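The structure appears below as structure tokens.
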Amino acid sequence: MLRISFVEEEFVELQKKVHFTPIQKRIMEYRLEEIERVKMADLEKVSVATIDREIKKIADKIKKVI
């Protein structure tokens, strides 16, 4: 699972380098706030599996620029 441990400034810089979809941006914000995956799924009205897939996509995008 992706562990996001960025400070706000790093998060902003990362968003400048990588195109995240709107849901991916919200998931990253949720992760910064340490919201659980089940709660994210509830907030986004999707399944936990969808949240997990989006987190994997986020991780893949981040790995490409780091």
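The values are calculated or read from the model by the stated rules, or taken from the named source; none is laboratory data. This structure is a prediction, so every number in the text was calculated from the model and none was measured. Virtual Cβ from ideal backbone geometry, glycine too; neighbours counted across all protein chains shown. SASA here: full protein model, heavy atoms, side chains in, ligands and nucleic acids out. Shrake-Rupley method; radii C 1.70, N 1.55, O 1.52, S 1.80 Å.
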Q) Looking at 21, 40, 7, which one has the Cα that reaches farthest to the positive end of the dipole of the chain (charges on Cβ: Lys, Arg +1; Asp, Glu -1)? A) 21
Q) Within the accessible area of the stretch 4-45, what % is carbon and sulfur when the probe is 1.4 Å and the other protein chains stay in place? A) 50 percent
Q: Show me 8-14, 58-64 ranked by packing, highest mean number of other Cβ atoms within 10 Å first.
A: 58-64, 8-14
Q: Within the stretch 20-53, find all residues whose amide N lies under 20 Å from a label point positioned 7 Å from the Cα of residue 9 along Cα-to-beta-carbon.
A: 29, 32-33
**Q.** Kirkwood Rh, Cα atoms: Rg over Rh of the chain
**A.** 0.94
Q: Would you kindly state how much longer the chain becomes between residue 19 and residue 42 on full extension, computed as 0.36 nm times their sequence separation minus their alpha carbon distance, in nm to one decimal?
A: 5.9 nm
Q: Could you go through the stretch 47-54 in sequence order and give the Karplus-derived ³J(HN,Hα) for each residue, using 6.51 cos²θ - 1.76 cosθ + 1.60 with θ = phi - 60°, rounded to whole Hz, and x for Gly and Pro?
A: 7, 5, 4, 5, 4, 4, 5, 5
